[in-house]
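The values are calculated or read from the model by the stated rules, or taken from the named source; none is laboratory data. No experiment lies behind these values; they were computed from the predicted model shown. Every residue, glycine among them, receives a Cβ derived from its backbone with ideal geometry; neighbour counts consider all protein chains shown.
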Amino acid sequence: MTTELPERRQRILKLVVQEFIASASAVASETLVRKYDLNISAATVRNELAALEELGYLKHLHTSGGRVPTDTGYRFFVEHLMDRVPLSAAEQQAIRSQFIEVQGELSQWIRLGAAALARHTRNAAVVTPPQAFQARFRHLELIGLTDSTLLIVLVLHDGTVRQQTITTEQSYMQAELRRVSLLLCERCASLSLEQLEDVPLSGTLDARLSELEQRVLAVLVQAMRQYELHINRQIYSDGLIEILSQPEFLPALLKEEDSQRAIERMRHVLETVTRSDALASLIGQALASDDVQVVIGTEHSHDDMRDYSVVLSRYGGHSDVIGVVGIIGPTRMAYPRSISTVQYISTVMSELLQSIYGGELRPPETEG
């Protein structure tokens, strides 16, 4: 599908997206002609709308005579057409002042960040506490508990300790366990999960100890993978009432004749915002990116998220200690303001995190 559109079609697509975001109602050609100085007839506008539908940027709702954007249309709007709508100077100053009032209390900062995002975007907000993005190996101990049971003690770079027992068909002397653990400590020092997955066997041990080395490596990889997933699931959320009050959710649910189905849809919204695997995966992607992440509807790899758009941004950066701020809402999201707001809160949170390591949070200032 081409991303090149004639200027007139781009303008009409932009107007349709803006109208639908504002009204939540399908947009008809007559509406565009009446409200905007297009200098073309309603018939011409209808032809252009039909062309945009044929190209996949709009779709026609059978319940009305108008059209609404598809996820492809929203993507084109975000990438090429939208004008950023920053927070006003007064809003920026108010946000900074609130953070300064609770300076030094990280948990309060995180909750305040989520509340500010929800309030200024009218969507559900998520904030993860700052953590080291990648688990890194620090130390390993192998301890024989019985002839057939070993205790693996893994220490990560941030001091986190993970313990796991494994059973073996053979018994090992403690000196042998010490040899394997020292070898792995030397070869795996400071490696990330991704690097650890590619570590080959040393080739310096006999077959008996090489088998143990392989098993221990597999345990280390799994333990670090679970640790990173656990970090990504630590989510502060706010604004659930905001997302439920959107026309796509609560008003639609109130019209639902099947009460059980309505309750199920509400439960799905709440679970998606608070503890879904899909959200944890998106947070992991945001942690790995320097740019604001915007994922729209069917672009999600998880079916659970295909009714939502997500805007996420990383914050922090000192010594790889970082977190994520973002919002979740319907695909009919006010993208210009939402993206700008997420970026601004991310900037403020980065400064807050920096102040923990040195310096002070700057007094209120604005950005255009």
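When we screen VAL17, VAL85, VAL78, VAL33 for residues that are in contact with a helix residue (DSSP H, G or I) (Cβ under 7 Å, 6 or more places away or on another chain), of a type in the set (Val, Ile, Thr) and farther than 29 Å from ALA116 by Cα, the only hit is VAL33. Residue pairs whose Cβ atoms lie under 8 Å apart, separated by 6 or more positions or on different chains, with the first residue in region 48-59 and under 11 Å from GLN10 (Cα atoms) and the second among the polar types (S, T, N, Q), are LEU49/SER29; TYR57/THR70; TYR57/THR72. Take region 279-312 and flag every residue that is surrounded by 24 or more Cβ atoms within 10 Å (Cβ to Cβ) and not hydrophobic (A, V, I, L, M, F, W, C). Across region 279-312, the qualifying residues are TYR308, SER309.
Yes or no, residue by residue, for (1) surrounded by fewer than 19 Cβ atoms within 10 Å (Cβ to Cβ); (2) modelled with pLDDT under 95; (3) closer than 20 Å to GLU299 by Cα; (4) among the aromatic types (Phe, Trp, Tyr):
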residue	(1), (2), (3), (4)
LEU13	no, no, yes, no
VAL17	no, no, yes, no
ALA24	yes, yes, no, no
GLU30	yes, yes, no, no
LEU61	yes, yes, no, no
PHE77	no, no, yes, yes
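Scanning region 145-155 for residues that are surrounded by 19 or more Cβ atoms within 10 Å (Cβ to Cβ) and under 29 Å from the mean Cα position of the chain (by Cα) returns a single hit, LEU154.
Only helices (runs of 4 or more DSSP H) whose full extent lies in region 1-86 are considered here, and the ones with at least 2 residues that are within 26 Å of GLN343 (Cα to Cα) are 7-23, 71-76. Of all residues in region 117-144, those satisfying the criterion of being assigned to a helix (DSSP H, G or I) and over 17 Å from the mean Cα position of the chain (by Cα) are ARG119, HIS120. Looking at VAL126, VAL155, VAL161, just one residue is free of Cβ contacts under 8 Å to residues at least 12 places away in the same chain and of a type in the set (A, V, I, L, M, F, W, C), and that residue is VAL161. Of the residues making up region 3-55, those that are among the charged types (D, E, K, R) and touching a Ser or Thr at 6+ places or on another chain (Cβ under 7 Å) are GLU19, ARG46. Checked across region 92-114, the condition of being loosely packed, with under 14 Cβ neighbours inside 10 Å and not assigned by TED's automatic domain parsing to the domain that holds TYR315 holds for no residue.
Among the residues of region 183-192, at least one is of a type outside the set (Asp, Glu) and more than 19 Å from THR160 (Cβ to Cβ).
HIS120 fulfils the conditions (1) buried (at least 16 other Cβ atoms within 10 Å of the Cβ); (2) free of Cβ contacts under 8 Å to residues at least 40 places away in the same chain; (3) in contact with an Asp or Glu (Cβ under 9 Å, 6 or more places away or on another chain) except for a single criterion, (2). Among the residues making up region 164-180, those that are in a loop (DSSP other than H, G, I, E, B), touching a helix residue (DSSP H, G or I) at 6+ places or on another chain (Cβ under 8 Å) and surrounded by fewer than 18 Cβ atoms within 10 Å (Cβ to Cβ) are THR168, GLN170.
Taking the conditions exactly as written (touching a residue at least 40 places away in the same chain (Cβ under 8 Å), surrounded by 15 or more Cβ atoms within 10 Å (Cβ to Cβ) and of a type in the set (S, T, N, Q)), does THR44 satisfy them or not? It is false that THR44 is touching a residue at least 40 places away in the same chain (Cβ under 8 Å), surrounded by 15 or more Cβ atoms within 10 Å (Cβ to Cβ) and of a type in the set (S, T, N, Q).
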